[in-house]
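Since every read-out is calculated from the coordinates, none of them should be taken as a lab result. It should be emphasised that the depicted structure is a prediction, and the values quoted were computed from it without experimental measurement. Because the Cβ atoms are built from the backbone with ideal geometry, glycine has one as well, and the counts that use them run over all protein chains shown.
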Amino acid sequence: MSRRRISVVGAAGSGKSTLARRISRQLGVPYIELDAIHHQPGWTPMPENEFRAAVAERIACEAWVSDGNYRGKLGDLVWRNADTVVWFDLPRPLVALQLIRRTLGRVITRRVLWNGNRESWRDIFTLDPERSIIVWSWTSHPALRARYVAAQTDPAWRHLEFVRIRSHRDADAFLDELRHSG
């Protein structure tokens with residue numbers, strides 16, 4: 001398997017963006033952060049047709065690494081063009097801990113994310129999964145896990161190599177494998 005068009009997926013806060021950037025650097029290929037495309041100023045979602053077109057343009061090249069779970073808006077676009085899916089499948093409590101730490105850090109430092117957006121204190125303390133990334137991640141984790149377990153045996157995806165990463169140690173081993181195979 002060539003591993004030149006890689007989709008990194010997983011629960012919010014699992015570390016998929018960090019892993020995707022590391023893979024991108026290791027392979028020397030473009031990194032496509034789907035959140036940065038999707039979240040316009042004021043957290044306004046990019047209209048679906050524009051989002052699909054923007055992503056299609058970026059994945060038209062021969063090698064790339066993307067991260068994100070936008071299957072509802074992108075459909076099969078990314079996976080149809082990928083050769084590998086790297087699923088960062090960390091345990092739910094670990095993902096929650098990482099996400100709480102990351103979100104608190106971003107709020108405290110007022111770190112600007114994509115297109116001028118920042119996370120807010122108000123969104124940390126709400127139980128609304130549409131406002132809180134922490135609640136969203138916790139509640140969506142089981143469904144994402146079921147989706148990716150099923151995808152591995154779905155004939156529609158037989159062209160894909162699935163790499164399931166269950167720990168940070170596994171992620172380091174995968175990167176080491178990439179380093180020695182290229």
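Look at the alpha carbon pairs under 8 Å that are at least 6 residues apart: their mean separation over the length of the chain gives a relative contact order of 31 percent.
In order along region 109-114, phi translates into HN-Hα couplings of 7, 6, 4, 7, 9, 7 Hz, rounded to whole numbers, per the Karplus curve 6.51 cos²θ - 1.76 cosθ + 1.60 with θ = phi - 60° and x for Gly and Pro.
For region 67-73, the Karplus equation 6.51 cos²θ - 1.76 cosθ + 1.60, evaluated at θ = phi - 60°, returns couplings of 9, x, 10, 8, 4, x, 9 Hz by residue, with Gly and Pro reported as x. Taking amide H as placed 1.01 Å from N in the peptide plane, the amide H of V163 sits under 5 Å from that of V85, V86, W87, each at least 5 places away or on another chain. Pairing the Cα long axis of helix 168-181 with the longest principal axis of the chain, what angle in degrees results, from 0 to 90 and rounded to the nearest 10? Tilt of helix 168-181: around 30 degrees. Summing charges over neighbours of D83, with a neighbour being any other residue whose Cβ is under 15 Å away from its Cβ, gives +2 when K and R count +1 and D and E count -1. Most tightly packed first, judged by the mean number of other beta-carbon atoms within 10 Å of their residues, the peptides 130-138, 10-18, 159-167, 145-153 read 10-18, 130-138, 159-167, 145-153. Secondary-structure-derived ellipticity at 222 nm for the chain, considering helices only, amounts to -15000 deg cm²/dmol, per-run term -39500 (n - 2.57) for DSSP H runs with n ≥ 4. The HN-Hα couplings worked out from phi for region 136-149 by the Karplus form 6.51 cos²θ - 1.76 cosθ + 1.60 (θ = phi - 60°) are 4, 4, 4, 6, 8, 3, x, 5, 4, 4, 4, 4, 6, 4 Hz, whole numbers, x standing for Gly and Pro. FRET efficiency for the Q26 to L104 pair, using the beta carbon distance and R₀ = 41 Å, is estimated at 0.90.
Normalised by the number of residues in region 38-129, the mean separation of alpha-carbon contacts (under 8 Å, six or more apart) gives a relative contact order of 33 percent. How much net charge surrounds S132 when only other residues with a Cβ under 12 Å from its Cβ are counted (Lys, Arg +1; Asp, Glu -1)? With Lys, Arg at +1 and Asp, Glu at -1, the neighbours total -2. The separation of region 90-135 from region 36-66, counted between C-alpha centres, amounts to 22 Å. Note on T126 and N49: the extension gain reaches 24.7 nm, defined as 0.36 nm multiplied by sequence separation minus the Cα-Cα distance.
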